[in-house]
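Only the coordinates and a few stated rules stand behind these numbers; no lab work does. Not measured: the values here are computed from a predicted model. Here Cβ is always computed from backbone atoms with ideal geometry, including for glycine, and neighbour counts include all displayed protein chains.
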Amino acid sequence: MPFAAPPILVLSLLLALLAGCGRGAAPTEPGAARDAAGSPRSAMDTDSGSHQDAATDAAARGGSYEFEAYAYQCNGLEIAVRPGDGNLTLILPERTLVLPQVESASGARYAEGENGFWGRGINSGLLTLDGEDIPCQLDRRATPWVDAQVRGATFRGIGQEPGWHLEIHPDRLVMTYAYGTERAVAPNPGAVADADPAVGRGDAVTESHTVAVRVADRACTDIMSGETFPATVSVTLDGREYRGCGRNLD
């Protein structure tokens, strides 16, 4: 069986509805980069006028890529959008809508009937739901988690100093480290018995890397954000250990 988190941390797969959607850029700003914690950044964040540490800024640019999905807060309503080829999948708490792209004088607008989403740069948008307009702001902290889930990951872990993140997929482990500039991919090796039943283990070896992952059902606080997660994560990559926190992607 594939390696997963401990049994008490049951991993769930994303709804099959999303599996067939194509990769897309942000509503109006493709190539959004991650910062050291894995959060999306706007073009303003990555230009020469950024106030961030120069080394961190350069590393983030080196690890840039297009997210497949973005999280937004819309007056207390949490939504996710996934731009596709000429359409956008709008993921709401109670339903999922696929909206075609329509003409717009500015930004990227997707609409059908009384529902729509108008991207006004990566940082903001306008949600139209049953005819009601609701302003939205990008949720930077949630976006990397939503994006990983859309791409099929069932668990995600993060750590700091240096920044790294781990994704566990049914078929592979993906470790991104050195503030997003390096990545190691290994087949999901399957679960290995551990003396502690609250610990899930997986060990993988490829031609390039040796990876060992431990996920423990113990609360963990991220040292950068202060956010508390239900799992403690340890990744040993080529002999170097990375410690951090994580959770299942429900």
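Below are the figures for this structure:
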{"item": "Amide H within-cut-off set for residue 242, under 5 Å, with H built and near neighbours excluded", "result": "235, 236, 237"}
{"item": "Burial ranking of peptide ranges 121-132, 162-173, 147-158 (average Cβ count within 10 Å, highest at the top)", "result": "147-158, 162-173, 121-132"}
{"item": "Net charge, residue 97 excluded, C-beta distance under 13 Å - Lys, Arg +1, Asp, Glu -1", "result": "-2"}
{"item": "Note, ³J(HN,Hα) from phi for segment 219-234, Karplus 6.51, -1.76, 1.60, rounded to Hz, x at Gly and Pro", "result": "4, 8, 10, 5, 6, 8, 8, x, 6, 9, 10, x, 10, 9, 10, 10"}
{"item": "Total formal charge among the other residues, if their Cβ is under 9 angstrom from that of residue 145, Lys/Arg +1 and Asp/Glu -1", "result": "+2"}
